[in-house]
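Nothing in this text is a laboratory measurement; each read-out follows from the coordinates by a stated rule. No experiment lies behind these values; they were computed from the predicted model shown. We place every Cβ from the backbone using ideal geometry, glycine too, and count neighbours over all the protein chains shown.
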Amino acid sequence: MEIVLKTQNLSKFFGGLKALDNVNVSIQKNKITLIVGPNGSGKTTLINTVSGFYKADSGKVFFDGKDITNKPPHEISKLGITRTFQIPQPLKKLTVLENLLVFYNYGTELIEAVNGKWKKKESDATEKAFKILEFLKLDHLWDVQAQNLSGGQLKLLEIGRALMRESKLFIADEPVAGVNPVLAHEILSRFLKLKDEMSFLLVEHRLDIVLKYTDYIYVMANGKIIAEGREEVFEDPKVVEVYLSAKG
Amino acid sequence: MEILFSFALWFGLYAIVALSLNLEYGFAGIPNFGKALAVLVGAISVGGIMNRILAYFYGISEDNVISLSSSVRGIVNDAILSDPVLGIVIFLSSITLASLLGAVAGVIFILPSVKLKQDYLAITLLAISEVVFLVTNYSTEIVGGYYGVSVPDVFTFSGNYRNTFFILVILLFAFLVYFFVERISNSPFGRVLKAMRENEDVLKASGKNIIVLRIKAAAIGSAIASIAGALFSLYSLNVIASSFTRVEWTFYPFLMVLLGGAGNNKGVLAGVAVFVFAKIFLTMFKFEITALLNLPFEAIWFEYMLFGILMFLVLYYKPEGIFKEKPIFTKPIKKVVYKISGAKNN
């Protein structure tokens, strides 16, 4: 069992609140790992800390065996971790196509902008972007500004942008929230197909849709991992209690 | 004719500054409230540094930079009259020096604030700009403080046509700057700058280093604005620090960018044209307008007040400006779209 991402006693505090409390997770290579838990259990904080958006207060994060704890987000992204956001973060005034192109690995070199040597990469990026848009059924909206998309379409845009990167680990925060069930299954089926090339870490509440695609599950509550395993974790009394008290 | 010359001169100078600000603010989202600083650096390059370099070459020494600049101007003007190539060499060297120092200043002055969010960044840049302006204005060591320094007439060989020739050169530079910013802004680099303006976290998630991008944008923007400062100084034959106020070289360029349309270079040129026309019109007729409207304050304040109100109206009623920002649809994108739509139609 090869591990692509591992956290070691990872903790994060917000003032007196322990958002992550000695979290240990191991994400297996070429598998789909799911993190579930009630609202406020620390799932998104875990993603933000692993991807460099939050600084860990203690503990370590290892990716492909390398210590990436508290590295800046762009460096972590370059190493091969791509993430989406729980609340969609569109580049509002940019078109749908442009939103995807920004995630392709080019466009930061000033000298290329002057000498025009970006054209081949732009062509490749555009072809790739259209294939992704076609799959996400957003291709007819390619020239629409992202600020004009619906909530569900914005979720798809998040996934589309992440797919533009050649990543080793795809971290998706509620990837199918607000997406119609048919398309949600198509997206998760696509993840299944991509498993040979990359690993997945998903946070998702829609268990009825996502469970059959997952290989391993972590359950979080109050910043801690309270259970892990396959679908049987939901029979664990601690998990049942957490979910029942959250609903109550 | 004089009005036309005045329009062309100020259009050229302000176009260079406004286009540079558009790259920083309109594209990259850097609210450079210290824009005047870059223009001042261009003036310092000419009045403070190039004068000293020329004094060194001609073996001139004086007690202070004010006297030194007068001596340099007299000797160098004579030399240019007998050898016009010298004038062109000094001109090009001054512009090159100004752009290099402008780029360096842009990097140095954005470094302390590069990690800040936009509003803090804006106020920090304003503060840095004001400090440098005040030091330059009150110290007579840099460019003679409020006394100012003289500058050689690099185109003195063109005789009676000197001003016309110089204005044409300024317009040529404005065109070159427009061509340059259009080229880099209509590329993936320009798109990445826009993405930084829209959402820094998304750009970080895409693997882009926003600190490096901000530094690049500030370096280019300052280098370009410094060219305007150098051109203005070489044209007016002197450098007086008090000419480089935040109203003239920060507030007005912001007004032009917002009026024309931030993120649209053509729009910015339109904004510059409207502004310069209005400014010349007001300068010519401000006493008549004041008398006609029976304004209860000095005529000189009318211009500032009017442009202040205009800024408010633009931000409130037409924040996108005269020309809206357009998506960056490059030739490769158009080709792919054409191919895909052709395949679908078949």
Open item on the list: Only sites in a loop by DSSP and with at most 14 other Cβ atoms within 10 Å count here; which trypsin sites (Lys or Arg not before Pro) in the range B:31-126 make the cut?
Closed with: B:K115, B:K117
TODO: Enter the Cα centre distance for the pair the range B:38-72 and the range A:78-137, rounded to the nearest angstrom.
DONE: 49
- [ ] Would you please give the residues with an amide H less than 5 Å from that of A:D57, counting only those at least 5 places away or on a separate chain, with H modeled from the backbone geometry?
- [x] A:S11, A:K12, A:F13
Open item on the list: For a protection proxy built on the mean count of beta-carbon atoms within 10 angstrom, sort B:13-19, B:323-329, A:147-153 highest first, please.
Closed with: B:13-19, B:323-329, A:147-153
TODO: Apply 1/(1 + (r/R0)^6) to the Cβ-Cβ distance of B:D83 and B:E130, taking R0 = 35 Å, and write down the FRET efficiency to the nearest 0.05.
DONE: 0.25
Task: Karplus-derived 3J(HN,Hα), 6.51/-1.76/1.60, for each residue of the range A:71-84, Hz, glycine and proline x - done: 6, x, x, 5, 6, 5, 4, 5, 5, x, 9, 10, 10, 10
- [ ] Please average, across the residues of A:81-91, the number of beta carbons from any other chain that are within 10 Å of each residue's own beta carbon, and give a whole number.
- [x] 3
Task: Rough spin-label spacing in nm, given labels placed 7 Å along Cα→Cβ, for A:L211 and A:D196 - done: 2.9
Task: Distant-in-sequence amide H partners of A:L201 (H built 1.01 Å from N, under 5 Å) - done: A:T33, A:F170, A:I171, A:A172
TODO: Would you mind checking which residues have amide H under 5 Å from A:A227's amide H? H placed 1.01 Å from N; only 5 or more apart, or other chain.
DONE: A:V219
Task: Antiparallel DSSP beta bridges within the protein assembly as shown, percent to nearest 5 - done: 60
Open item on the list: Among the complete DSSP H segments of chain A, which ones combine at least 18 Å of alpha-carbon extent along their axis with a mean Kyte-Doolittle hydropathy of -1.0 or more?
Closed with: A:151-163, A:181-194
Open item on the list: Using 30 Å as the Cα-Cα cut-off, could you pick out the over-long pairs in A:K29/A:K155; A:K60/A:K238; A:K55/B:K324; A:K66/A:K224?
Closed with: A:K55/B:K324
- [ ] Please work out how much length the chain gains when fully extended from A:K60 to A:E134, using 0.36 nm per residue of separation minus the C-alpha to C-alpha distance, in nm with one decimal.
- [x] 22.7 nm
Open item on the list: For the ranges B:256-268, A:134-146, what's the packing order if you count other beta-carbon atoms within 10 Å of each residue, average per peptide, and put the highest first?
Closed with: B:256-268, A:134-146
Task: Nitroxide proxy distance, nm - points 7 Å out along Cα→Cβ at B:N294 and B:R52 - done: 5.8
TODO: For the range B:105-127 and the range B:270-311, compute the distance between their C-alpha centroids and round to whole Å.
DONE: 32
Task: Two-site label geometry, A:S189 and B:L315: point separation in nm, points 7 Å out along Cα→Cβ - done: 5.3
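May I ask for the net charge around A:G80, where only other residues with Cβ less than 12 Å from the Cβ of A:G80 are counted and Lys, Arg are +1 while Asp, Glu are -1?
Charge balance near A:G80 sits at +2.
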Open item on the list: Tell me which DSSP H helices of chain B clear both cut-offs, 18 Å or more of axial length from alpha-carbon atoms and a mean Kyte-Doolittle hydropathy of at least 0.0.
Closed with: B:2-21, B:65-82, B:84-110, B:118-138, B:162-185, B:210-236, B:265-293, B:300-317
- [ ] Can you pull a Stokes-Einstein diffusion coefficient for the protein assembly as shown at 10 °C (1.306 mPa s), Rh from Kirkwood over Cα pairs, as a whole number of µm²/s?
- [x] 59
